[in-house]
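Trainee: Next up is a structure, given as structure tokens.
The values are calculated or read from the model by the stated rules, or taken from the named source; none is laboratory data. Nothing here was measured: the structure is a model prediction, and the numbers come from that model. Neighbour counts are summed over all protein chains in view; Cβ atoms, including those assigned to glycine, are modelled from backbone coordinates with ideal geometry. Just the protein is used for accessible areas: all its heavy atoms, side chains included, with ligands, DNA and RNA removed. Shrake-Rupley method; radii C 1.70, N 1.55, O 1.52, S 1.80 Å.
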Amino acid sequence: MPRSETARFDHRTGASVGAETVRAPLGYEPPRFCALCGRRMVVQIFPTGWTAACSRHPLLRG
């Protein structure tokens, strides 16, 4: 995630988050929604990890 952009949406539900919202770390679970725009991400699970892609933002790997 670029440093100039901050997360505005929850990575598990896609709901808008406020400054007081506490977000749990992902751990082994891949994000289902983009934290920058709230769009649903395309997620692929592999035995060695996962990838998640938003149509507007870069690919994430875990």
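Trainee: Out of the residues in the stretch 1-22 meeting the condition of being charged (D, E, K, R) and open to solvent by less than 90 Å² (accessible area, probe 1.4 Å), tell me which one is modelled with the lowest pLDDT.
Mentor: Of the residues in the stretch 1-22, the ones charged (D, E, K, R) are 3, 5, 8, 10, 12, 20.
Still in the list and also open to solvent by less than 90 Å² (accessible area, probe 1.4 Å): 5, 10.
Values: 5: 62, 10: 74.
Here the answer is 5.
Trainee: Right, residue 31: assigned to a loop (DSSP other than H, G, I, E, B), open to solvent by less than 100 Å² (accessible area, probe 1.4 Å), at pLDDT 70 or above and not small (Gly, Ala, Ser) or not?
Mentor: When the stated conditions are applied, residue 31 passes them.
Trainee: Would you please list the contacts, defined by Cβ atoms under 9 Å and residues six or more apart or on different chains, that run from a residue in the stretch 34-62 that is free of Cβ contacts under 8 Å to residues at least 40 places away in the same chain and open to solvent by 40 Å² or more (accessible area, probe 1.4 Å) to a residue that is of a type in the set (S, T, N, Q) and part of a loop (DSSP other than H, G, I, E, B)?
Mentor: Partner pairs satisfying both residue conditions: 39/55; 42/55.
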